[in-house]
Amino acid sequence: MIQRIAQTYERRPALVQEVVQEAAFALWRALPNFRGDSSIRTFVGRIAHNVCVSHVRKESKSQYDELPEAIPDPGPLLDDKTDQDLRREWLLAAVRELPLSLRPVVTLHLEGFSNTEIAEALALTANNVGVRLTRGRTLLKVRIEAKK
């Protein structure tokens, strides 16, 4: 789950692994403070999100001035990649292009979190999560329609 969350913030594999390691270390440090107010999954999601946001802030000062990556076409099978792999990569790239205010909500929703769990993880209200999720879905739908 941490890796999938990291991949929605960072596309470069080496930096994804760096973010995953940072999140694992942050989780290890924070675990003694877990009070059980939420599920462990929500706790992990919150920490992963916070580490990813810190990473984006740090990287935006130096390396995020480049053009956004093009979304790969989820077309026919290529050598060792399945159609499902290509679609997953396309969705990941599309989520990466969402505004930062919508990206964590959509990412956690795709991980199977409920609106309440997302609200707890991101310190938002459940209503705000619903609004952001609707906006995120709308933007993703526009991207899907544009690819057809």
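The table below lists the values:
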read-out	value
Yes/no for Ala146 being more than 18 Å from Arg96 (Cβ to Cβ) and either part of a helix (DSSP H, G or I) or among the β-branched types (Val, Ile, Thr) (or both)	no
Condition check for Val44: modelled with pLDDT under 85 and surrounded by 13 or more Cβ atoms within 10 Å (Cβ to Cβ)	no
Scan of region 90-127 for residues that are more than 9 Å from the chain's Cα centre (by Cα), buried (at least 17 other Cβ atoms within 10 Å of the Cβ) and in a helix (DSSP H, G or I), ordered by number	Trp90, Leu91, Ala93, Ala94, His109, Asn115, Glu117, Ile118, Ala119, Glu120, Ala121, Leu122
Lone unmet requirement of (1) surrounded by 13 or more Cβ atoms within 10 Å (Cβ to Cβ); (2) at pLDDT below 90 for Arg132	(2)
Failed condition for Pro74, given (1) at pLDDT 85 or above; (2) part of a loop (DSSP other than H, G, I, E, B)	(1)
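The values are calculated or read from the model by the stated rules, or taken from the named source; none is laboratory data. Here the structure is a predicted model, which means the values were calculated and not measured. Note that each Cβ is placed from the backbone with ideal geometry, even for glycine, and that neighbours are counted across all protein chains shown.
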